[in-house]
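J.: First, the structure itself, so that you have it in front of you.
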Amino acid sequence: QVQLVESGGGLVQPGGSLRLSCAASGRIFSIYTMGWYRQAPGKQRELVATITSGSTTTYAHSVKGRFTISRDNAKNTVYLQMNSLKPEDTAVYYCTADVKRVGATTILSYWGQGTQVTVSS
């Protein structure tokens, strides 16, 4: 099995910054695209950012220029640096990773448990 564990969420004032981390562990052969999604109360889960194994990134329009996704392949970890945070960024943030496990022939998507980010004064 593969586990994704997020950390770094919390309460921050508008205009502040937070850095989320997500570490993957288990019998991992290779990790392909990794990403972050978020879900605000009463809303559908939405894509925030993705990064391929070759470090090509994509961002939601609402976070472009404020958030930066990166990864450390040696640590099987993806990061989300969030700057200039706004109250509308408040949500549970989930990381995801497309993983081929050792001995497997298919790539499966795994999700973390989520970490709360609250932007409020």
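J.: Under the condition of being among the β-branched types (Val, Ile, Thr) and surrounded by fewer than 16 Cβ atoms within 10 Å (Cβ to Cβ), which residue from segment 88-111 is farthest from Cys22 (Cα to Cα)?
T.: Looking at residues that are among the β-branched types (Val, Ile, Thr) and surrounded by fewer than 16 Cβ atoms within 10 Å (Cβ to Cβ), I get Thr105.
J.: Any idea how many residues of segment 64-117 are in contact with a helix residue (DSSP H, G or I) (Cβ under 9 Å, 6 or more places away or on another chain) and touching a residue at least 60 places away in the same chain (Cβ under 8 Å)?
T.: 2
J.: Quick one: which residue in Thr58, Thr33 is in contact with a strand residue (DSSP E or B) (Cβ under 7 Å, 6 or more places away or on another chain), closer than 20 Å to Leu4 by Cβ, part of a strand (DSSP E or B) and free of Cβ contacts under 8 Å to residues at least 60 places away in the same chain?
T.: Thr58
J.: Next question. Taking the stated definitions as given, is Tyr37 crowded, with 17+ Cβ neighbours inside 10 Å and closer than 16 Å to Gly8 by Cβ?
T.: In short, yes.
J.: Regarding Gly15, is this residue open to solvent by 60 Å² or more (accessible area, probe 1.4 Å) and in a loop (DSSP other than H, G, I, E, B)?
T.: For Gly15, the condition - open to solvent by 60 Å² or more (accessible area, probe 1.4 Å) and in a loop (DSSP other than H, G, I, E, B) - is not met.
J.: Please pick out the residue among Leu85, Leu80 that is open to solvent by less than 60 Å² (accessible area, probe 1.4 Å) and in a strand (DSSP E or B). Steps first, answer last, please.
T.: Numbers: Leu85 fails: in a strand (DSSP E or B).
The conditions single out Leu80.
The values are calculated or read from the model by the stated rules, or taken from the named source; none is laboratory data. If you're wondering where the values come from, they're calculated on a predicted model, not measured in any experiment. Heads up, the Cβs are rebuilt from the backbone with ideal geometry, glycines too, and the neighbour counts pull from every protein chain shown. These accessible areas exclude ligands, DNA and RNA; they are computed on the full protein's heavy atoms, side chains included. Shrake-Rupley method; radii C 1.70, N 1.55, O 1.52, S 1.80 Å.
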